[in-house]
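Comments concern the structure below.
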Amino acid sequence: MRKEKKLSKVIIISLCMVFLYFPIFIMAIFSFNSAKSLSHFGGFSGRWYVQLFNNTQLLNAIFVSVSIAVIATICSVVLGTITAIALSKSKKTVRTLVQQVNNLPIMNPEIVTAISLMLLFSFVNFEKGYMTMLLAHIAFCTPYVITNVYPKVKQLDDNLADAAMDLGATPFQTLTKVIIPQIKPGIFAGALLSFTMSFDDFIISYFVSGNGVENISIVVYNMSKRVDPSIYALSTVILVVILIGVLLGTFVPYIYLKKRGVKNEKAI
């Protein structure tokens with residue numbers, strides 16, 4: 001009976017994995033298709049990757065995506081880390097209220113956030129373009145940083161900061177040399193998640209972009225309206241970038257904590 005239950009679980013999980021990842025696998029294979037057909041495989045070739053990176057529109061979109069993701073990540077990490085530290089020192093009522101507000105952009109459908117930001121920029125008469133996309137990305141990435149950093153801040157011993165101040169450290173030195181090193185895994189995880197979310201975003205970017213400013217996701221959407229096999233190559237590149245970011249966000253904090261634990265054991 002137990003073997004049958006175990007087998008049924010394995011079958012169900014396997015079917016789910018095939019359903020989720022088989023289309024992605026087919027997309028990656030067809031990105032090397034020598035034929036122009038989107039459904040017939042005519043042999044392996046890298047022509048669509050060559051064509052992809054000779055596309056000026058695509059190169060501009062890559063620059064927009066990467067630059068916005070990097071700047072938004074840096075700004076989100078700074079704002080999110082400061083907010084998380086401030087929350088840990090706040091009263092319970094204020095902390096609970098801010099946490100609930102912080103969770104709204106995460107729980108809300110992206111379309112709601114996108115329309116809200118679009119209306120906000122229209123209301124203040126802010127011309128849509130690169131800056132509106134950047135501000136929008138900072139706005140929706142910051143809550144993810146707060147969510148990752150705050151638990152690490154709560155784990156800190158309050159006496160560490162007090163001891164550093166008693167020994168003559170300035171508030172800035174206490175922050176940079178005592179607090180931040182202790183919460184590095186949370187900051188790193190939040191940064192990678194922010195970069196991935198920003199680089200991959202379509203809905204919010206589509207609603208707040210303008211003046212010919214397009215990121216990779218918008219270019220993919222436009223390419224999907226016509227027969228262009230290079231869309232497979234572009235989607236595969238995006239997949240690889242996001243996969244690397246997810247893997248780094250998953251394993252780097254774990255490796256950091258493991259090394260730190262080994263150092264602590266040697267010190268003892």
Within the stretch 103-118, is even one residue part of a helix (DSSP H, G or I) and within 30 Å of residue 160 (Cα to Cα)?
yes
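Conditions (1) touching a residue at least 40 places away in the same chain (Cβ under 8 Å); (2) touching a helix residue (DSSP H, G or I) at 6+ places or on another chain (Cβ under 8 Å), marked per residue:
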site: 84; (1), (2): yes, yes
site: 92; (1), (2): no, no
site: 108; (1), (2): no, no
site: 112; (1), (2): no, no
site: 137; (1), (2): yes, yes
site: 144; (1), (2): yes, yes
site: 161; (1), (2): no, yes
site: 165; (1), (2): no, yes
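It is to be established whether one or more residues within the stretch 173-184 are within 24 Å of residue 52 (Cβ to Cβ), under 23 Å from the mean Cα position of the chain (by Cα) and either surrounded by 15 or more Cβ atoms within 10 Å (Cβ to Cβ) or not hydroxyl-bearing (Ser, Thr, Tyr) (or both). Steps first, answer last, please.
Filtering the stretch 173-184 down to residues within 24 Å of residue 52 (Cβ to Cβ) leaves none.
No, the stretch 173-184 contains no residue that is within 24 Å of residue 52 (Cβ to Cβ), under 23 Å from the mean Cα position of the chain (by Cα) and either surrounded by 15 or more Cβ atoms within 10 Å (Cβ to Cβ) or not hydroxyl-bearing (Ser, Thr, Tyr) (or both).
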Tell me, which residue of the stretch 194-220 that is among the polar types (S, T, N, Q) and not in a helix (DSSP H, G or I) is surrounded by the fewest Cβ atoms within 10 Å (Cβ to Cβ)?
211
Flagged in the stretch 221-238 as surrounded by 18 or more Cβ atoms within 10 Å (Cβ to Cβ), touching a residue at least 60 places away in the same chain (Cβ under 8 Å) and within 21 Å of residue 198 (Cβ to Cβ), in numbering order, are 234, 235, 236
Subset of the stretch 212-234 (residues that are among the small types (Gly, Ala, Ser) and at pLDDT below 80):
224, 230
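Can you find even one residue in the stretch 124-146 that is basic (Lys, Arg) and either part of a helix (DSSP H, G or I) or modelled with pLDDT of 90 or more (or both)?
Within the stretch 124-146, the subset basic (Lys, Arg) is 128.
Retained after the next criterion (residues that are either part of a helix (DSSP H, G or I) or modelled with pLDDT of 90 or more (or both)): none.
Within the stretch 124-146, none of the residues are basic (Lys, Arg) and either part of a helix (DSSP H, G or I) or modelled with pLDDT of 90 or more (or both).
Take the residues of the stretch 16-69 that are part of a helix (DSSP H, G or I), surrounded by fewer than 14 Cβ atoms within 10 Å (Cβ to Cβ) and touching a residue at least 40 places away in the same chain (Cβ under 8 Å): which is nearest to the chain's Cα centre (by Cα)?
As a first pass, look at the stretch 16-69 and keep what is part of a helix (DSSP H, G or I): 16-30, 47-52, 56-69.
Checking which are surrounded by fewer than 14 Cβ atoms within 10 Å (Cβ to Cβ) leaves us with 16-26, 29, 50, 56-57, 59, 63, 67.
With touching a residue at least 40 places away in the same chain (Cβ under 8 Å) added as a condition, the list becomes 24, 57.
Numbers: 24: 20, 57: 24 Å.
Within the stretch 16-69, the match that is nearest to the chain's Cα centre (by Cα) is 24.
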For residue 90, are the conditions met, namely being assigned to a loop (DSSP other than H, G, I, E, B), small (Gly, Ala, Ser) and closer than 23 Å to residue 181 by Cβ?
yes
Of (1) farther than 30 Å from residue 146 by Cβ; (2) of a type in the set (S, T, N, Q); (3) modelled with pLDDT of 85 or more, residue 54 satisfies all except one. Which?
(3)
Can you name every residue in the stretch 148-172 that is under 20 Å from residue 87 (Cα atoms), surrounded by 16 or more Cβ atoms within 10 Å (Cβ to Cβ) and at pLDDT below 80?
161
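The values are calculated or read from the model by the stated rules, or taken from the named source; none is laboratory data. Nothing here was measured: the structure is a model prediction, and the numbers come from that model. Here the Cβ is made from the backbone with ideal geometry for all residues, glycine too, and neighbour counts use every protein chain on show.
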